[in-house]
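K.L.:
Here it is, the structure in full.
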Amino acid sequence: MDLIIKNGTIVTSTESYVADIAIKAGKIAAIGKEFSEVGVEVVDAYGKLVLPGAIDAHTHLAMPFGGTVSADGYLSGTRAAACGGVTTVFDYPMQRKGNGILDTVESRKAMCDPEACVDYAFHCIITDLNDDKILDEFEAAVDYGITSFKCFLVYKKEGMMVDDATLVKILLKAKETGAITNIHAENPDLIDLNIEQFLREGKTSAWYHYLSRPEFVEAEADKRAVHLAKSIEAPLYIVHMADKEGLEAAVAAKVEGHEIYIETCPQYLEFTCEVYKREDGRNFVCSPPMKAQESQDALWHAIKVGLIDTVATDHCPFQSYEKDWGKDDFTKIPNGCAGVENLYPYMLSAANEGKITFNRAVELCSTNPAKIFGCNSKGSLTVGKDADIVIYDPNKEFTISVENMHSDYDHTIWEGKKLHGYPVKTFVRGNLVYNDGEFVGKPGIGQFVKRVAHK
Ligand code: URP
Ligand code: ZN
Ligand code: ZN
């Protein structure tokens, strides 16, 4: 054995029990009691929870967007991930017209490999089918370990949107090749109509970001995507669900037995659209925007009763000076907020407060993303899995501040948020990468996760 974590309470998605974990060559070698400690490094986790590392299934690191590039690259984004108990991130390389899937992914992999502080996987965003040639690449991409593709139903002017016919082609091809399609659902024509009107009327504050993309604008696209996926019996994963009406449509399809998965994000569980009335409202600008209280309540209800599958972050921070471009015009604010370091602490704090169980927090943040996206070696504390492990102190009080985060951004929407309980150690395949407030890992230790086909 290389390492024993002893006396902790092991938490999986289904049970909690006191036992020791023995780790060898980066894998969980045994779970039990009274392992020989001779010549082995031992970590005492008495009074602590021992959890599988979180999988953040939604990040945008070094993403060109909104006239700039997101503030966390692969090094700082994965360093922050490690310090928040995230041991795998799923980033979103974006295929562009004329480019293929594998060249898009490989160029991002080349950037990520020397910098990654935690393991990483890619969902590939498809923006153009290159006269359908992209569809012929799906099989090779799945063999390569890219088993999920993303479509934006929005960002039309930015050249990222796919139309409904393209979406259906992708849904069908993904189904045929054992992949799954992720979608960002908002209706761009309705957004543009609203924006034109607001700008004409001189309504330019961050509040109009919300009013240009209100609940029904997201719901229309959620419902359309659900309808299309249902009709052709293709699996669908809806990213960053933020509105009640769309959620209800997705849940109804799920309950009917269709393979629809729903992701939401901590920002939709914590903030409502009221934040856009604040003086610093632009810092909260992301798409879809935070919605009204009714939507937040519906999201929490679905979390509690098991109808939301995953919580991920959509981590896409921008610096203050970039957010300031939109001080007098909300359309100039780069869309996106920070979150990768806050995901697990936030959901575990909710568990500590009794809103959900710790098992459910593990299911949402680790076990379900591993299962849905084919990370067979991750997502659970089970013999044979990667030793991606978080030791969590349920008694540690923590207040989030940009000062105690490990990213490259200069502000956070989570400033001042008090958490009950906090991760104290993170291991990636048995390597200690975070210890009591400090990043102690090494850039480059993160490995590409080759995923298996979906179903
Ligand atoms: O505002 C956001 N969410 N920015 C990142 C890109 C996206 O839509 O996921
Ligand atoms: Zn999105
Ligand atoms: Zn996103």
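The values are calculated or read from the model by the stated rules, or taken from the named source; none is laboratory data. Since this is a predicted model, take the numbers as computed values, not measurements. Heads up, the Cβs are rebuilt from the backbone with ideal geometry, glycines too, and the neighbour counts pull from every protein chain shown.
K.L.:
Answer yes or no as to whether Thr382 is under 30 Å from Lys175 (Cβ atoms) and either assigned to a strand (DSSP E or B) or of a type in the set (Ser, Thr, Tyr) (or both).
P.N.:
Yes; evaluated as a whole, the condition is true for this residue.
K.L.:
Can you give me the number of residues within the stretch 336-369 that are surrounded by fewer than 24 Cβ atoms within 10 Å (Cβ to Cβ) and either in the same structural domain as Asn404 (by TED's automatic domain parsing) or within 16 Å of ligand 3 (Cβ to nearest atom) (or both)?
P.N.:
So the answer is 1.
K.L.:
Identify all residues within the stretch 390-418 that are in contact with a helix residue (DSSP H, G or I) (Cβ under 8 Å, 6 or more places away or on another chain), farther than 15 Å from Val86 by Cβ and not in a loop (DSSP other than H, G, I, E, B); write none if there are none.
P.N.:
Pro394, Phe398
K.L.:
Additional query: Take Gly84 and tell me if it is in contact with a Leu (Cβ under 7 Å, 6 or more places away or on another chain), crowded, with 17+ Cβ neighbours inside 10 Å and over 30 Å from Met1 (Cβ atoms).
P.N.:
No, not satisfied.
K.L.:
Still on this structure: Give the residues of the stretch 381-408 that are more than 22 Å from Asp436 (Cβ to Cβ) and buried (at least 21 other Cβ atoms within 10 Å of the Cβ), sorted by residue number.
P.N.:
Matches in the stretch 381-408: Asp386 only.
K.L.:
Specify which of the listed residues (Leu167, Leu199) is within 24 Å of Ala234 (Cβ to Cβ) and either out of contact with any Gly (no Cβ under 6 Å at 6 or more places or on another chain) or within 16 Å of ligand 1 (Cβ to nearest atom) (or both).
P.N.:
Only one candidate passes the filter, namely Leu167.
K.L.:
Still on this model: Going residue by residue through the stretch 39-60, is there one that turns out to be on the phi < 0 side of the Ramachandran plot, within 24 Å of the chain's Cα centre (by Cα) and surrounded by fewer than 16 Cβ atoms within 10 Å (Cβ to Cβ)?
P.N.:
no
K.L.:
Further question: Give the residue, chosen from Gly379, Gly416, that is away from ligand 1 (no atom under 16 Å from the Cβ) and closer than 23 Å to Glu15 by Cα.
P.N.:
Gly379
K.L.:
Residues to consider are Gly67, Gly100; find the one that is more than 16 Å from ligand 3 (Cβ to nearest atom), over 21 Å from the mean Cα position of the chain (by Cα) and within 26 Å of Met405 (Cα to Cα).
P.N.:
Being more than 16 Å from ligand 3 (Cβ to nearest atom), over 21 Å from the mean Cα position of the chain (by Cα) and within 26 Å of Met405 (Cα to Cα) holds for just one of Gly67, Gly100, which is Gly67.
K.L.:
Still on this model: Looking only at residues that are over 27 Å from Asp164 (Cα atoms) and in a loop (DSSP other than H, G, I, E, B) in the stretch 232-278, which one is farthest from ligand 2 (Cβ to nearest atom)?
P.N.:
Going through the qualifying residues, I end up with Arg278.
K.L.:
Please work out which residue is nearest to Tyr120 (Cα to Cα), limiting yourself to the stretch 141-175 and to residues that are aromatic (Phe, Trp, Tyr) and within 13 Å of ligand 2 (Cβ to nearest atom).
P.N.:
It comes out as Phe152.
K.L.:
If I filter the stretch 308-317 for residues that are part of a helix (DSSP H, G or I) and either away from ligand 1 (no atom under 12 Å from the Cβ) or at positive phi (or both), do I get at least one hit?
P.N.:
No - not one qualifying residue is present in the stretch 308-317.
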